[in-house]
1. I want to confirm something. Restricting to region 119-150 and keeping residues that are among the polar types (S, T, N, Q) and part of a loop (DSSP other than H, G, I, E, B), which single residue is nearest to HIS187 (Cα to Cα)?
2. Yes or no: GLY66 closer than 18 Å to SER141 by Cβ, at pLDDT 85 or above and surrounded by fewer than 20 Cβ atoms within 10 Å (Cβ to Cβ)?
3. Residues to consider are ALA127, ALA134, ALA121; find the one that is surrounded by fewer than 16 Cβ atoms within 10 Å (Cβ to Cβ), free of Cβ contacts under 8 Å to residues at least 60 places away in the same chain, under 20 Å from GLN37 (Cα atoms) and of a type outside the set (Phe, Trp, Tyr).
4. What residue, among those in region 93-112 that are of a type in the set (Gly, Ala, Ser) and in contact (Cβ under 8 Å) with a residue 40 or more places away in the chain, is farthest from LEU133 (Cα to Cα)?
5. Of everything in region 168-200 that's hydroxyl-bearing (Ser, Thr, Tyr) and more than 14 Å from PRO104 (Cα to Cα), which residue is modelled with the lowest pLDDT?
6. Give the number of residues within region 30-54 that are part of a loop (DSSP other than H, G, I, E, B) and surrounded by fewer than 22 Cβ atoms within 10 Å (Cβ to Cβ).
7. How about region 128-167: which of its residues are among the hydrophobic types (A, V, I, L, M, F, W, C) and modelled with pLDDT under 90?
8. Would you check which residues across region 150-161 are surrounded by fewer than 17 Cβ atoms within 10 Å (Cβ to Cβ) and under 16 Å from ALA121 (Cα atoms) and list them?
Amino acid sequence: MANTTGRKGLRPIDQPYGNIRCNYYQAVTGAAWYMYQPVDLDANGRVVTGVAGSAGNFFLLGSIIGMANDAFSPIDDASSGYLPANPVMSGSGGFVNLLVADDPGQYFVIEEDTGGSALDAQSIGVASTFTYLASSGSTISGIANVVLDRSEVQTTTDLALRIIKKWDKPDNAYGNYCKWVVQINRHRRSGQGMTQTVAI
């Protein structure tokens with residue numbers, strides 16, 4: 001049976017430690033934000049969109065799992081689960097707070113794309129990256145349009161993600177739209193990424 005698509009985004013799962021560690025980080029309101037969107041930090045310690053692709057040694061902090069205004073209260077914008085650029089909200093001060101799954105050991109589930117050759121058991125343990133489909137995210141579901149870029153699987157330490165295993169589900173087979181468990185390979189909070197000091 002063929003896999004079904006639809007599970008977009010870099011979604012944290014409750015392993016290897018049994019729960020998800022997360023922290024709030026400040027972000028500007030001039031950019032749109034989506035659930036399960038990969039993010040990093042800028043030089044001011046604020047959240048920025050994670051860079052897709054392999055043309056550089058990019059770090060990641062984690063992915064977004066919640067959003068709040070500058071007072072850590074619910075956002076009163078009427079958007080469907082995502083936060084548009086320059087949202088209508090009270091007392092934003094030009095900033096919002098994004099809840100990020102930021103543990104360097106965190107595992108995530110991500111869906112494989114359809115470009116190039118399908119991944120298989122030999123892909124376990126190698127590095128890869130993610131890509132955005134058409135746009136950064138869906139304004140209907142509110143979820144980031146992020147998938148695993150199977151054309152960028154390499155035995156290198158420079159790519160953003162490391163493939164841990166195929167997700168253990170009976171309806172998940174190798175091929176198009178396969179769901180994979182991954183870990184951030186170049187994490188902002190690991191030793192190789194500690195170039196900024198950020199108060200949280």
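1. Only one residue tops the list, namely SER138.
2. So GLY66 fits the description; yes.
3. On the way: ALA127 fails: surrounded by fewer than 16 Cβ atoms within 10 Å (Cβ to Cβ); ALA121 fails: under 20 Å from GLN37 (Cα atoms).
Exactly one of ALA127, ALA134, ALA121 is surrounded by fewer than 16 Cβ atoms within 10 Å (Cβ to Cβ), free of Cβ contacts under 8 Å to residues at least 60 places away in the same chain, under 20 Å from GLN37 (Cα atoms) and of a type outside the set (Phe, Trp, Tyr), namely ALA134.
4. GLY94
5. THR197
6. The first filter runs over region 30-54 and keeps only residues part of a loop (DSSP other than H, G, I, E, B), leaving 30-32, 34, 36-37, 42-46, 50-54.
With the extra rule that they be surrounded by fewer than 22 Cβ atoms within 10 Å (Cβ to Cβ), the set shrinks to 30-32, 42-46, 51-54.
Number of matching residues: 12.
7. Scanning region 128-167 gives LEU133, ALA134, ILE140, VAL153, LEU159, ALA160.
8. Selection gives SER151, GLN154, THR155.
The values are calculated or read from the model by the stated rules, or taken from the named source; none is laboratory data. Model, not experiment: these values are computed from the prediction. Here the Cβ is made from the backbone with ideal geometry for all residues, glycine too, and neighbour counts use every protein chain on show.
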